[in-house]
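Worksheet: the structure to be examined is printed underneath.
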Amino acid sequence: MNIDGLKGKQNLGAVVFGNHPGIIQSTLDFDYLSGKNQPSIRAIIGVQRKSLRYFWGKKEIVLPGYISLKEVPADVLEEIDLFAVAQSGRRAISACEEAIGLLPNVVGGMVFAEGVTERHALKLRELAKQKNIFILGPASVGFLISGVCKIGAIGGTLASQITKSRITKAGSTAVISTSGGVTNELINMIAGFGGSVSFAGAIGGERYPILKPVDLVSLALNDQQTKAIVFFGEVGGRDEYEIAELLKNSANTKPLICYIAGKVAESFEDAPQFGHAKAMAHDPSETASAKRQVLASVGAKVADSFSNFEQLIKETVAEGGQMDDNNTMNDQASDLENRKHAMFVNNVSSDKGGDVRILGKELIEFVGNKSLSQVALSMFLGHEPKSPEFSRFFDLSLRLLVDHGPQVSGAVNTMVTARAGRDLTAGLATGLLTIGPRFGGAINQAAQNWLQAVASGESPQDFVERFASKKEYIAGIGHKKYRVDSPDPRVTKLLAEFKTGDYTNFALEVEKITSNKKAQLILNVDGLIGALTLDMLAEEEGYSLEQIKALVDTEFCNAIFVYARTVGFIAHYLDQKRLDEALFRLPDDQITDLQ
Amino acid sequence: MARVKISEFRAKNLLSQVFGFEYTGVSVDLSKDISQLGLTEGNYVVKVDQAVKKRNQFGLVKLNRNASQVIDDLKDFAEQGYSHGLVEPFFEHDQKDEHFVAMQLTDAGVELQYSSQGGVNIEDNKETLQSCLFGFDSDISTNTTDLNPDVIRKLLDLFETNQMTYLEINPLVIQGDKITPLDAAVEIDSSAEFFAQGWSSADFRAPKKTLHPAEHAIEELASTTPASLVLKVLNPDGNLFLLLSGGGASVVILDEIASLADKDIIGNYGEYSGNPNEEDTYLYTKQVVRLMLDSKAEKKVLLIAGGVANFTDVAKTFKGVIRALDENIDELKNQGIKVVVRRGGPNQEQGLKLMKDFLDSKGVTSKVSGTELSIGATVKTAIEELNS
């Protein structure tokens, strides 16, 4: 185990499995208070939500959420050095395996959960050894290197705890403990004496921890920054024998101050099982007394009570020199504790005292020389598009979809409402509310279909068969009026203007099969715009598959139709008003009474 | 707890599937009516089926019993406070066919111990024990014992698929191809309940005859929360009762008490950790307070203490503690119980203030401190309060 790489890196990256606000926010606060310029946590894994709200300093931010690490973009995976598992014990092994398998540059991690089986812990120990990484846990509160990184709740979950424990400043005492609570007690004790820890690790009180105490003692002996080691152990297990063996054979010598808890067990005939699973002596060599003795025999400073432990630590910290005053830091922390989540977060625009900004740019500057469709596309995407080609496609699509005759159901509804004497917004709303799976609203569903089929490598034949066998329509295929022999001019135009990519080519292959069965089953304008949008995103905008999926999930493709046809509906409303048409009533012969 | 003993009844059922014998033992819940077991006339073995060591020595295994003796034996066990019994047909065999087999999960693999001279006198035959460690790859070509490899393979497989941590069969009667375990003890990894198919938590057996009602209540409570809740009654008439947080800090505090005073003053051991909610903390505290009020000791101190929590919310947990204290405030005051508090962690200022304001407003003698008072000094204070 080596942490020099972590110390040498400016922007460490981490992922957390499970949305544990205490762990995540305290890590962000640690980063912020340590003076880093960006949060170490890059993604939260194992969550349904795509973004989760946190704070960076006092500012609200969102962290991306993913169901699995497999969905995280490759460039982000490469940035990850550390992982924390805050999910249940049952899921710990799969989370660790995923992290080890998919994070190419991972150095270490921690497992917070209790209830990980002994076999799983042993399996992870083996896996970690093979991959040369460290994993603390199970039931560990985590690991921290002062001022460098913090994974887990270690050092506290509130900003004031972080400053009070002085873990944002590099110190010279390593803390190693089998108990999470005592780890923090010791970190705070050292801070109280004016020092700070070089690093601290909570092993967890399970019988078979993944990372053993001896591994951390070895790290401390080799770590340049560490001048003294504080170790808290408990009755049960043979860790102290391994540590003694290490000390005996180590070329490096540093003071090891230790306390082995649970001597009290020896005064009971039938000692109670203490809180930690391992805290039970199975033979006399595992008692606290025996283990204190073996550590003393190799020169460790062994405390005979916790008060004595405290005294020995105090002496060591005093030798190591006092640290600067922490007052400014505490003010900063209390600032951080008074923050509240706003009711809304948004990326689109802001208005701060009349300074209106769109996508972060001042309004006048933003609209600058953009056309209306360019403004709309940027705002729909949440950022300005990279490619002029995508803008051109978006613009032409809007123009082609602007209206398609008064007979279509949305336009009819708008006209009927206008003639009923309602106002513009009512007329427009009636038209808009008509948009759905059968009218104008199939673009997104079509895009979903193409995306899923191409991503999974399905053949066009299988694709058609999948729908046919369920007797389902394929969104984006078929038109009431247009046929193979009389194609939709909008489709012809779009195909002539733009290069087709994987998605559109797939849609065209599907059309070949369906139109063979029935001449009206052509690729319609919805299906084509859906497919071309995917091609644009993939090829012109450089979106990853996951990014495209996320955008399509927001119903981005339907926004194209809704936005365009709004123009048509308004036009029909105004037209009916200009003509001053009277209240519409369906002629009697247009409704058949079935009774 | 991670390692838990399951009933011999369940263990033998599992073994019967592996070795292909029909298991006809009857598990008896001693808390129910046991006069109607419907046993036919014959020879039986009756045992206490709990995690009790040295059952033979304590007369908790009875051989060669007829149907009516079986009922008497079970009634006798029930009277002694045991909760589960096991009745099996008596199995005639030659003592030379008795073998000893044990398996234990270690961090290097599964360690097998075997002796061809099993039975009650295995302690005297220690020199005949052979042992062999099998790695997690379940490769048994490394076997150095005289136990049949086919038996080893079956046992290893059973051991792994059921997430066992310890298995002891003594005696294991081997008569040619016929394998009969006469006495079996199995410990499993209770964390594996989700993954294991052969057993469930209903098969867990406590070592004690009966748990103290308070211990039982906390076990029940612990099974319903992700937080950790532990309670053991040490001396029902103790002076010092403990409401501690943290698996490590709680042991430290016990050590400190024992180093400064007679351990018999300690009424209970216990700890809550893992950020229990207010309700859980309230229910937990209620049990400790009840224990304390029931103690016949004259002088009593309640020590509410822990280290500096990483993520357990001090204010939230203290609200639960205060509720439980408040419910019993008159009795606590009548008995002159003093309270010593020391705690750190998230929202400690708020939590400590709540506690101090509550105790002061009720006129309870107390010392409330944050982390400025060390754990050692806290324990010292509690003991001084007891002696004052």
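The values are calculated or read from the model by the stated rules, or taken from the named source; none is laboratory data. These numbers were taken from a predicted model, which means no experiment stands behind them. As a convention, Cβ positions derive from the backbone with ideal geometry for all residues, glycine included, and neighbour counts pool all protein chains shown.
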Task: Subset of region B:374-388 [more than 8 Å from chain A (Cβ to nearest Cβ), without any contact (Cβ under 8 Å) to a residue 40 or more places away in the chain and either crowded, with 18+ Cβ neighbours inside 10 Å or of a type in the set (D, E, K, R) (or both)] - done: B:Glu384
Open item on the list: Given the condition closer than 30 Å to B:Asp137 by Cα and acidic (Asp, Glu), answer yes or no: does some residue in region B:83-97 qualify?
Closed with: no
Task: Criterion (within 35 Å of the chain's Cα centre (by Cα) and either crowded, with 17+ Cβ neighbours inside 10 Å or free of Cβ contacts under 8 Å to residues at least 60 places away in the same chain (or both)) met by exactly one of A:Asp485, A:Asp535 - done: A:Asp535
TODO: State yes or no: is B:Thr224 among the polar types (S, T, N, Q), more than 13 Å from every other protein chain (Cβ to nearest Cβ), part of a strand (DSSP E or B) and out of contact with any Cys (no Cβ under 9 Å at 6 or more places or on another chain)?
DONE: no
TODO: Kindly establish whether A:Lys227 is under 28 Å from A:Gly147 (Cα atoms) and either within 13 Å of chain B (Cβ to nearest Cβ) or out of contact with any strand residue (DSSP E or B) (no Cβ under 6 Å at 6 or more places or on another chain) (or both).
DONE: yes
TODO: Among the residues of region A:259-283, write down those that are in contact with a helix residue (DSSP H, G or I) (Cβ under 6 Å, 6 or more places away or on another chain), more than 7 Å from chain B (Cβ to nearest Cβ) and more than 24 Å from A:Leu312 (Cβ to Cβ).
DONE: A:Ala271
TODO: Kindly establish whether A:Ile203 is within 14 Å of chain B (Cβ to nearest Cβ), at pLDDT 95 or above, within 24 Å of A:Ala277 (Cβ to Cβ) and in contact with a Lys or Arg (Cβ under 6 Å, 6 or more places away or on another chain).
DONE: no
Open item on the list: Need the failing condition index for A:Leu219 against (1) assigned to a loop (DSSP other than H, G, I, E, B); (2) more than 13 Å from chain B (Cβ to nearest Cβ), just the number.
Closed with: (1)
- [ ] Collect the residues in region A:96-122 that are in a helix (DSSP H, G or I) and either farther than 30 Å from A:Asp75 by Cβ or in the same structural domain as A:Gly201 (by TED's automatic domain parsing) (or both), keeping them in residue-number order.
- [x] A:Glu118, A:Arg119, A:His120, A:Ala121, A:Leu122
- [ ] Would you mind telling me which numbered condition in (1) under 19 Å from B:Gly238 (Cα atoms); (2) basic (Lys, Arg); (3) more than 14 Å from chain A (Cβ to nearest Cβ) B:Lys362 fails?
- [x] (1)
Task: Matching residues in region A:297-312 - criterion: being facing chain B (nearest Cβ under 8 Å) and small (Gly, Ala, Ser) - done: A:Ser305, A:Ser307
Task: Residue ID - nearest to the other protein chains (Cβ to nearest Cβ), chosen from residues in region A:162-179 that are within 25 Å of A:Ser334 (Cβ to Cβ) and without any contact (Cβ under 8 Å) to a residue 60 or more places away in the chain - done: A:Ser165
Task: Positions within region A:237-283 being within 29 Å of B:Ile265 (Cβ to Cβ) and either of a type in the set (Val, Ile, Thr) or part of a strand (DSSP E or B) (or both), in sequence order - done: A:Cys258, A:Tyr259, A:Ile260, A:Ala261, A:Val264
TODO: Return the total of residues in region A:136-161 being in a loop (DSSP other than H, G, I, E, B) and either within 11 Å of another protein chain (Cβ to nearest Cβ) or surrounded by fewer than 24 Cβ atoms within 10 Å (Cβ to Cβ) (or both).
DONE: 14
TODO: Please tell me if A:Gly195 is more than 11 Å from every other protein chain (Cβ to nearest Cβ) and within 30 Å of the chain's Cα centre (by Cα).
DONE: no
Open item on the list: When the residues of region A:552-583 are narrowed to those that are among the hydrophobic types (A, V, I, L, M, F, W, C) and touching a strand residue (DSSP E or B) at 6+ places or on another chain (Cβ under 8 Å), which ends up farthest from A:Leu428 (Cα to Cα)?
Closed with: A:Phe561
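Residue-by-condition table, conditions (1) under 29 Å from B:Phe77 (Cα atoms); (2) surrounded by fewer than 17 Cβ atoms within 10 Å (Cβ to Cβ); (3) within 12 Å of chain A (Cβ to nearest Cβ):
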position	(1), (2), (3)
B:Gln197	no, yes, no
B:Ala202	yes, yes, no
B:Pro213	yes, yes, no
B:Leu234	yes, no, yes
B:Ser250	no, no, yes
B:Ala258	no, no, yes
B:Ile266	no, no, yes
B:Lys286	no, no, no
B:Leu291	yes, no, no
Open item on the list: Based on this model, can you work out whether B:Ser35 counts as of a type outside the set (D, E, K, R), over 25 Å from B:Tyr166 (Cβ atoms) and outside the structural domain of B:Leu167 (by TED's automatic domain parsing)?
Closed with: yes
Task: Of the criteria (1) at the interface with another protein chain (Cβ under 9 Å from one of its Cβ atoms); (2) free of Cβ contacts under 8 Å to residues at least 24 places away in the same chain, which one A:Ala251 fails - done: (1)
- [ ] Among residues belonging to region B:157-174 that are surrounded by fewer than 21 Cβ atoms within 10 Å (Cβ to Cβ) and free of Cβ contacts under 8 Å to residues at least 60 places away in the same chain, point out the one that is farthest from the other protein chains (Cβ to nearest Cβ).
- [x] B:Thr161
Open item on the list: Against the condition more than 30 Å from the chain's Cα centre (by Cα), over 21 Å from B:Glu215 (Cβ atoms) and surrounded by 15 or more Cβ atoms within 10 Å (Cβ to Cβ), how does B:Ser361 come out, does it pass?
Closed with: no
- [ ] Go over the candidates A:Phe506, A:Phe498 one by one and state the one that is over 22 Å from A:Leu381 (Cα atoms), hydrophobic (A, V, I, L, M, F, W, C), in contact with a helix residue (DSSP H, G or I) (Cβ under 9 Å, 6 or more places away or on another chain) and touching a residue at least 12 places away in the same chain (Cβ under 8 Å).
- [x] A:Phe506
- [ ] Hand me the list of helices (runs of 4 or more DSSP H) wholly inside region A:397-473 holding 3 or more residues that are more than 24 Å from A:Gly530 (Cβ to Cβ).
- [x] A:409-419, A:424-434
Task: Odd one out for A:Arg42, checked against (1) in contact (Cβ under 8 Å) with a residue 60 or more places away in the chain; (2) assigned to a strand (DSSP E or B) - done: (1)
Open item on the list: Any residue at all in region B:201-209 that's touching a Phe, Trp or Tyr at 6+ places or on another chain (Cβ under 9 Å) and part of a loop (DSSP other than H, G, I, E, B)?
Closed with: yes
- [ ] Could you grab me the full set of residues in region B:44-65 that are free of Cβ contacts under 8 Å to residues at least 60 places away in the same chain and surrounded by fewer than 14 Cβ atoms within 10 Å (Cβ to Cβ)?
- [x] B:Lys54, B:Gln57, B:Phe58, B:Gly59, B:Leu63, B:Asn64
